[in-house]
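Colleague: This is the structure I have questions about; it appears just below.
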Amino acid sequence: MTTLRVCALYPDLMNIYADRGNLAVLRARCEWRGLGFELGSSSLGDTVDPDAHDLFYIGGGQDRDQVAVAHDMVATKREALHAAADRGAVVLAVCGGYQLLGHSYELGDDELPGVGLVDLRTVREPGPRLIGNCGIEADLGTGPRVIAGFENHGGRTYLGPGERPLGTVLSGHGNNGRDRLEGVHRRNVIGTYLHGPLLPKNVWLADRLIELALGARLEPLDDTLEEAAHASARRAAGV
Ligand code: GLN
């Protein structure tokens, strides 16, 4: 049986927006199709086997928790995450986790290191938190689609030259409230500020991530309820 092998990174620390909902959706979408689903985890001090998982997931976290996670991820998981991304494993990082995928997260006098999977920097600038419903247009190889969710971040993220965003902002703030870009997308590494959680509101994205992780096409499911959840998130964002 084909099995999606997922590794949740720091599920005990990076989970402030019901991020477990994203894992529940991945499990359901697999099991409803008769695919296996295996969930492992790796937290402070644990190593990661880059070949043992098809999809790595890290959720949102508060600045306080991000300090320990940032240092630990660089010390114990950076090489493995690079090896996994290099062989095409999916990495999905939401909000606080997304901020740690790049080079650094500057918080006043502190600078948290990132794992450098993508070329971006995040800065805690003066100014209000970027909060609210958000809609973006993204193309993960199957044509432009809408991702709708909720964002809540103090950090502003800036992509390096040549780095691609996950999508363009239709409504809301996105990476920094200025350049109308949201998230990051390099090969199968995806970062985004959208939660709510993300995947229950956008099951097409969950399916696409499973397809990319397994290198397979999925047959459609009856998504009447899921489409209603998506439509409701889009209405909230005004897109
Ligand atoms: N602590 C980070 C910020 O405020 C991320 C918060 C989050 O994950 N929502 O920018």
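Colleague: Select, from Leu181, Leu212, Leu221, Leu205, the only residue that is out of contact with any Phe, Trp or Tyr (no Cβ under 7 Å at 6 or more places or on another chain), within 28 Å of Gly34 (Cβ to Cβ), surrounded by fewer than 24 Cβ atoms within 10 Å (Cβ to Cβ) and not acidic (Asp, Glu).
Modeller: Leu212
Colleague: Output the number of residues of the stretch 29-73 satisfying the condition of being away from the ligand (no atom under 16 Å from the Cβ), among the hydroxyl-bearing types (Ser, Thr, Tyr) and either surrounded by 18 or more Cβ atoms within 10 Å (Cβ to Cβ) or more than 29 Å from Asn152 (Cβ to Cβ) (or both).
Modeller: 2
Colleague: Next question, about the same structure. Can you name the helices (runs of 4 or more DSSP H) wholly within the stretch 174-239 that have at least 1 residues being of a type in the set (D, E, K, R) and under 17 Å from Phe56 (Cβ atoms)?
Modeller: 203-214
Colleague: While we're on this one: From the list Gly183, Gly191, Gly177, Gly162, pick out the single residue that is out of contact with any helix residue (DSSP H, G or I) (no Cβ under 8 Å at 6 or more places or on another chain), touching a residue at least 40 places away in the same chain (Cβ under 8 Å) and either among the acidic types (Asp, Glu) or under 21 Å from Gly114 (Cα atoms) (or both).
Modeller: Gly162
Colleague: Which number in (1) in a loop (DSSP other than H, G, I, E, B); (2) surrounded by 15 or more Cβ atoms within 10 Å (Cβ to Cβ); (3) among the aliphatic types (A, V, I, L, M) marks the one condition that Ile147 misses?
Modeller: Result: Ile147 fails condition (1) only.
Colleague: I'd like the full set of residues that are part of a strand (DSSP E or B), more than 22 Å from Ala70 (Cα to Cα) and among the small types (Gly, Ala, Ser), limited to the stretch 22-53.
Modeller: Once the filter is applied, which keeps residues that are part of a strand (DSSP E or B), more than 22 Å from Ala70 (Cα to Cα) and among the small types (Gly, Ala, Ser), the stretch 22-53 yields only Gly36.
Colleague: Regarding Leu209, is this residue within 16 Å of the ligand (Cβ to nearest atom) and of a type in the set (A, V, I, L, M)? Quick ask: steps written out before the conclusion?
Modeller: Numbers: within 16 Å of the ligand (Cβ to nearest atom): no; of a type in the set (A, V, I, L, M): yes.
Against the criterion (within 16 Å of the ligand (Cβ to nearest atom) and of a type in the set (A, V, I, L, M)), Leu209 does not qualify.
Colleague: Out of all the residues in the stretch 171-186, is one or more at pLDDT 95 or above and either out of contact with any strand residue (DSSP E or B) (no Cβ under 9 Å at 6 or more places or on another chain) or among the aromatic types (Phe, Trp, Tyr) (or both)?
Modeller: The answer is yes; a qualifying residue exists.
Residue-by-condition table, conditions (1) more than 18 Å from Leu214 (Cα to Cα); (2) among the β-branched types (Val, Ile, Thr); (3) touching a Pro at 6+ places or on another chain (Cβ under 9 Å):
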{"position": "Gly34", "(1), (2), (3)": "no, no, no"}
{"position": "Asp46", "(1), (2), (3)": "yes, no, no"}
{"position": "Ala52", "(1), (2), (3)": "no, no, no"}
{"position": "Tyr57", "(1), (2), (3)": "no, no, yes"}
{"position": "Asp63", "(1), (2), (3)": "yes, no, no"}
{"position": "Asp72", "(1), (2), (3)": "yes, no, no"}
{"position": "Ala89", "(1), (2), (3)": "no, no, yes"}
{"position": "Val94", "(1), (2), (3)": "yes, yes, yes"}
{"position": "Gly97", "(1), (2), (3)": "yes, no, no"}
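Colleague: Now a separate question. Could you check, for the stretch 133-140, whether at least one of its residues is touching a residue at least 60 places away in the same chain (Cβ under 8 Å), within 23 Å of Asp86 (Cα to Cα), touching a Ser or Thr at 6+ places or on another chain (Cβ under 7 Å) and not acidic (Asp, Glu)?
Modeller: No: the stretch 133-140 contains no residue that is touching a residue at least 60 places away in the same chain (Cβ under 8 Å), within 23 Å of Asp86 (Cα to Cα), touching a Ser or Thr at 6+ places or on another chain (Cβ under 7 Å) and not acidic (Asp, Glu).
The values are calculated or read from the model by the stated rules, or taken from the named source; none is laboratory data. Since the model is a prediction, treat every value here as computed from it, not as a measurement. With ideal geometry, Cβ positions are generated from the backbone for all residues, glycine too; neighbour counts draw on all protein chains shown.
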